[in-house]
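Have a look at the structure below, then the notes.
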Amino acid sequence: MSFGWSAGDIVAALRLLNKVRIALTDSGGAACDYQEQTVFLQTVSITLNHLDALQHEPLDPDICDNLRQHCELIRPSLRRFLSTADRSFEASLGAATAKSKLLSTPRRLQWALSTSKEVRSLRSKIGSSLSAIQVVVSQQIV
């Protein structure tokens, strides 16, 4: 006789409930994760701006082209995500939020259950370009 759900369904439900519990905690929850991820991505954006300024210095033209190409690969995705995250989450999850835990609960859950996966995807997408930029800049220093 089947009850309509299996042990795997119970495990999946328990994992989801645990994610919800973690997302709603004050330390290490969705708000903390949001703030850490956006600080990292904003730092990457600032670094790209510094690299743009560096391209106007007397450097090897091949190095400048290489840096420009990698920056152009990263910048659109980064800007799009930061803009969306700021509009959607800053008021609820930002460091200076004045919203109560109850009012910020929907955004905390949205961040924990879906948007945090998008951040991990974005970080892996831009990771290879960031590594290449690091190699190019280190070659210039040497």
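Of these, C71, C64, which one is part of a helix (DSSP H, G or I), without any contact (Cβ under 8 Å) to a residue 12 or more places away in the chain and surrounded by 15 or more Cβ atoms within 10 Å (Cβ to Cβ)? Give the derivation first.
On the way: C71 fails: without any contact (Cβ under 8 Å) to a residue 12 or more places away in the chain.
Going through C71, C64 in turn, the sole match is C64.
Pairs only if they're at least six apart or on different chains, beta carbon under 7 angstrom, first in segment 19-42 and at pLDDT below 85, second basic (K, R); list them, first residue then second.
Note: pairs meeting the criteria are A23/R108; L24/R108; G29/R108; A30/R108; A31/R108.
Among the residues of segment 88-107 satisfying the criterion of being in a loop (DSSP other than H, G, I, E, B) and of a type in the set (A, V, I, L, M), which is nearest to Y34 (Cα to Cα)?
A95
From the residues in segment 93-136 that are surrounded by 15 or more Cβ atoms within 10 Å (Cβ to Cβ) and of a type in the set (V, I, T), which one is nearest to R68 (Cα to Cα)?
Result: I133.
The values are calculated or read from the model by the stated rules, or taken from the named source; none is laboratory data. None of the values given here were measured: they were computed from a predicted structure. Cβ atoms come from the backbone with ideal geometry, glycine included; neighbour counts cover every protein chain shown.
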